[in-house]
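Beneath this line is the structure, given in C-alpha cells, with notes to follow.
The values are calculated or read from the model by the stated rules, or taken from the named source; none is laboratory data. Quick caveat: nothing in here was measured; it's all calculated off a predicted structure. Every residue, glycine among them, receives a Cβ derived from its backbone with ideal geometry; neighbour counts consider all protein chains shown.
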Amino acid sequence: MFSYLVAILIITGIYALLTQALNLQYGFAGLINFGLVGFFAIGAYASALVTLATHSFLAGFTSAMLLPALAACPLALLALRLRDDYLAIVTLGFGEIVRIVIVSEEWLTNGLRGLPGIPQPFAFLGRGSAETAYLGLVIICNILALALVARLTRSPFGRLIEAIRDDEIAATTLSKKPTVPKVQVFMVGAAISGLAGALYGHYLSYLVPDQFVPLVTFYVWMAMILGGVGSLPGAFLGATVLVVLLEGSRFIRDLFPGIMEVQMASVRLALIGLVLIIFILFRPSGIMGARTRP
C-alpha cells in the first residue's frame, strides 16, 4: 500500500510540473499550447538516451530541459504571429510530429518496440527506499520550478507578459515588443515540460510512443482548469485532483463486474468529463479562483 501511495505521489508531481509549465504559458502569457506532450516526449527520450550513452544523470536531465527549449524557439517564432485558434492547431500538430518521429526513427528511439533499460537514479538503495528517494527528487524539482515561475511572474517581466496577454495592442503602443517575451515564456515552459518527461522516463525505466498521445496534453489542461488558471498553488491542487480521478475511477469497475476493460475506459473518461463540466458550471475559475455564482 505504501509503494502504491508513493507511486501515485510521483505521478502527481510529474503532472504538477506539466501543469506549472502550461500555467506559465497560458495562465500568465495567454499562449495556447496543445502540443505540451511533444516537449514532454522530447525531454523523456533525450534524458533516457543521453543517460544511457554517458552514464550521467546530470547530463540526461540537462539535455531534457535544453532540447525542448531549443525546439520551442523556432516553433514559437513561427506560430506566435498566428491567431489563437491557428496557434492551437500548430502546437497540436507539433505534438503529433514528435510522436511520429519517435516511431519512425527506430535507429535512435527503437520505435514501437520501446526504449527499455532506462537507469533509475536511486536504484542502488533498493526498491522501497529508491522510490521514496525518487519522490523526494520529484518534490525538489517541483519546488524549484515553482520558485522559478513565481520569480518570473512577480517580476517586471511577469507584469509585461500579463499586459501582453490582456491587451497586446495596448502593450505595443507603449513600445513593448511582445514577440521576445512570448518566445521566452514558451521556451521556459518547454524546459519545465522536458524536466517532467525526464522524471517520467527514469521512473518507469521504459518508454514507448503510445505514452505520449494528445490525451496527455488535455489531461494537463484539465488539471490547470480544475486548479485555477493563473494560480501557482492551483497547479498542484489541479494535478492532485486529476490523478485522484484517474486512479480512483479504476475501482469503479468493481461496481460493474459485467463491463469489459475497453468499455470501462470509456466510462472513466465520461466520469472525468462530467467532473470537469460540474467544475466549469459551479467553479469556472477553478479551486483556487474566486467563487462565481452559477
Just to check your reading of the model, which residue among L58, L144, L82, L78 is free of Cβ contacts under 8 Å to residues at least 40 places away in the same chain and assigned to a loop (DSSP other than H, G, I, E, B)? L82
Could you check how many residues of the stretch 227-250 are touching a Leu at 6+ places or on another chain (Cβ under 7 Å) and more than 19 Å from I192 (Cβ to Cβ)? 2
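Given the condition closer than 22 Å to Y219 by Cα and charged (D, E, K, R), answer yes or no: does some residue in the stretch 123-138 qualify?
No - not one qualifying residue is present in the stretch 123-138.
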Candidates N110, N142, filtered to the one that is farther than 22 Å from L18 by Cβ, of a type in the set (S, T, N, Q) and surrounded by 14 or more Cβ atoms within 10 Å (Cβ to Cβ): N110
With part of a helix (DSSP H, G or I), modelled with pLDDT under 80 and over 25 Å from G158 (Cβ atoms) as the only criterion, which of L269, L274 stands out? L269
Scan the stretch 108-136 and report the pairs whose first residue is on the phi > 0 side of the Ramachandran plot and whose second residue is in a helix (DSSP H, G or I) and not charged (D, E, K, R), with Cβ atoms within less than 6 Å and a gap of 6+ or a chain change. G111/V103
Sort through V98, V6 and tell me the only one that's within 19 Å of L204 (Cα to Cα) and part of a helix (DSSP H, G or I). V6
Within the stretch 168-207, which residues are of a type in the set (V, I, T) and more than 20 Å from P121 (Cα to Cα)? I169, T172, T173, T179, V180, V183, V185, V188
Exactly one of (1) within 28 Å of G38 (Cβ to Cβ); (2) surrounded by fewer than 12 Cβ atoms within 10 Å (Cβ to Cβ); (3) basic (K, R) is unmet by R165. Its number? (2)
Quick check on my filter: what residues within the stretch 196-249 are in a loop (DSSP other than H, G, I, E, B), surrounded by fewer than 19 Cβ atoms within 10 Å (Cβ to Cβ) and small (G, A, S)? S205
Taking the stretch 110-129 on its own, how many of its residues are modelled with pLDDT of 90 or more, of a type in the set (A, V, I, L, M) and under 20 Å from L58 (Cα atoms)? 2
